[in-house]
1. Could you list, in sequence order, the residues of the range 48-79 that are in a helix (DSSP H, G or I) and either in contact with a strand residue (DSSP E or B) (Cβ under 9 Å, 6 or more places away or on another chain) or open to solvent by less than 20 Å² (accessible area, probe 1.4 Å) (or both)?
2. What are the residue pairs meeting all of these: first residue in the range 225-251, first residue on the phi < 0 side of the Ramachandran plot, second residue away from the ligand (no atom under 12 Å from the Cβ) and among the acidic types (Asp, Glu), Cβ atoms under 6 Å, and 6 or more apart or on different chains?
3. Taking Glu164 as the residue in question, decide whether it is near the ligand (Cβ under 10 Å from one of its atoms), outside the structural domain of Ile248 (by TED's automatic domain parsing) and charged (D, E, K, R).
4. Can you run down the residue pairs with Cβ atoms below 6 Å, 6 or more apart or on separate chains, where the first is in the range 266-287 and farther than 20 Å from Val89 by Cβ and the partner is in a loop (DSSP other than H, G, I, E, B) and away from the ligand (no atom under 12 Å from the Cβ)?
5. So which of Glu344, Glu334 is acidic (Asp, Glu) and open to solvent by 10 Å² or more (accessible area, probe 1.4 Å)?
6. Filter the range 18-46 down to residues that are open to solvent by 10 Å² or more (accessible area, probe 1.4 Å) and in a loop (DSSP other than H, G, I, E, B), then give me how many there are.
7. Of the residues Ser48, Ser32, Ser64, which is within 20 Å of Arg288 (Cβ to Cβ) and in contact (Cβ under 8 Å) with a residue 12 or more places away in the chain?
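The values are calculated or read from the model by the stated rules, or taken from the named source; none is laboratory data. Everything numeric here is computed off the predicted structure, so don't read it as measured data. All Cβ positions, glycine included, derive from the backbone under ideal geometry; neighbour counts span all protein chains shown. Only protein heavy atoms, including side chains, enter the accessible area calculation; ligands, DNA and RNA are left aside. Shrake-Rupley method; radii C 1.70, N 1.55, O 1.52, S 1.80 Å.
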Amino acid sequence: MTASGMDFDLTVIGGGAVGLATAMRAAERGKSALLLERHPAFGRETSSRNSEVVHGGAYYAPGSLKARLCVRGRRELYAFAEAHGVPCVKAGKIIVAVEESEIAALERILENGRENGVEGLAFLEKGELRGRWPEVAAVGALWSPETGVVNAHRFMDAMRSVAEGAGAVLLPGAEALALETVAGGWRASFRDAEGVQSVDSAFVVNAAGLGAQAVMAMAGLDPDALGLALHPCKGSYWSVQGEARRRIPGLVYPAPEEHLVGLGVHTVVDVSGGVKLGPDAEYVPPAREYDYAVDERRKEAFWRSARRYLPFLEPGDIHPDMAGIRPKLSGSGERERDFHIREETEVGAPGFVNLAGIESPGLTACLAIGSMAVEAAFF
Ligand SMILES: Cc1cc2nc3c(=O)[nH]c(=O)nc-3n(C[C@H](O)[C@H](O)[C@H](O)COP(=O)(O)OP(=O)(O)OC[C@H]3O[C@@H](n4cnc5c(N)ncnc54)[C@H](O)[C@@H]3O)c2cc1C
């Protein structure tokens, strides 16, 4: 029981990377936190279905939450990984221009990145690129030394254990069903193995990812009216096997095209040396449960986009791997949107800290997002 008579200071709905980071940051600041996760284990949705890339932060519009929280979250993530033995490799990445016409896009990223405070960005001329990355076909590249990869499962395990160590109560297998206002806060009803229960807290943080719009509705908010409708966008991955796998030297991203959703089909070399290509982008209808199967019919288009900069790649080298769903706020052809992170007093839901559209770089940024959510509630 808190000083104000509540069961907890804060209830976090959703136990992906962002919810875990929020509960951990709250507990570290001496706040009592409860986290509800509907699946029997944490991080089963988007937080374990992504590229596991620790982004530098160069892509995002200067001043945006994506830019600021990515740069801050990335620095915090590396320090956290080191302190808690989370497998994480800061190996850097290249963003390649296959044709001269793509150099301008790299220059824009370089400029953005410098404004965002991303360290160490540099152009590699063709000769330099050929010396260091001989298998990659490109006329030039942008080198980002701060980019890396992390084992997302181990990262989330470590956050869970730090959060619990600091006193947070984390409940897997507990689905939030309803929210109602009570004096000084919120009552959250949830179902777990013991049936339907309820808990009172001064604040609620909506960290439900693809379920964020349903949680907003529980708080009496209309996502459509707020411009926060969900536009789920599936991204599939293909694993690279055989000799081709050994020829892929690290993280290689294409120069972003205008109107492209995401950062383009890129290579991912994970912390154990596994190599994947992905993700592509396919808008799908909102659903409670998503189909994560990789559609084999997308193989040709997929292979063609990667072969532009990895000319040795043959269709037989790639095999369906896994998929994730981006919780986007922008629909097909619409302008990219920033993260939405706000305490919603202004729209009639005081004490409801609303997170929506936490797509990439949400894994990189989660520690900073968690701090921001806690600050939005208490400070
Ligand atoms: C294809 C793809 C590639 C990506 N690549 C990268 C990358 O390389 N680097 C990077 O930084 N980011 C990347 N991202 C983004 C990153 O994965 C997400 O931003 C991040 O994982 C979001 O975490 P989350 O905790 O907000 O969401 P989630 O992990 O989806 O967690 C939300 C949780 O809420 C739970 N939930 C929902 N409703 C309820 C309810 N009613 N009650 C209880 N629990 C509920 C869900 O079960 C889920 O576990 C990528 C995303 C995709 C899809």
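1. Initially, the range 48-79 is screened for residues in a helix (DSSP H, G or I), giving 48, 65-79.
Hits for the range 48-79 are Ser48, Leu65, Lys66, Ala67, Leu69, Cys70, Val71, Gly73, Arg74, Leu77, Tyr78.
2. As it stands, the answer is Val240/Asp317; Ala244/Asp317; Arg247/Glu135, since those pairs meet every condition given.
3. Values: near the ligand (Cβ under 10 Å from one of its atoms): no; outside the structural domain of Ile248 (by TED's automatic domain parsing): yes; charged (D, E, K, R): yes.
When the stated conditions are applied, Glu164 does not pass them.
4. Tyr283/Ser332
5. Numbers: Glu344 fails: open to solvent by 10 Å² or more (accessible area, probe 1.4 Å).
One residue alone meets the criteria, Glu334.
6. 11
7. Values: Ser32 fails: within 20 Å of Arg288 (Cβ to Cβ); Ser64 fails: within 20 Å of Arg288 (Cβ to Cβ).
Just one listed residue meets the conditions, Ser48.
For every residue, the table says whether it meets (1) open to solvent by 30 Å² or more (accessible area, probe 1.4 Å); (2) within 22 Å of the chain's Cα centre (by Cα); (3) hydroxyl-bearing (Ser, Thr, Tyr).
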| residue | (1), (2), (3) |
| --- | --- |
| Glu100 | yes, no, no |
| Glu111 | yes, no, no |
| Glu119 | yes, yes, no |
| Trp133 | no, no, no |
| Ser144 | no, yes, yes |
| Asn151 | yes, yes, no |
| Met159 | no, yes, no |
| Pro172 | yes, yes, no |
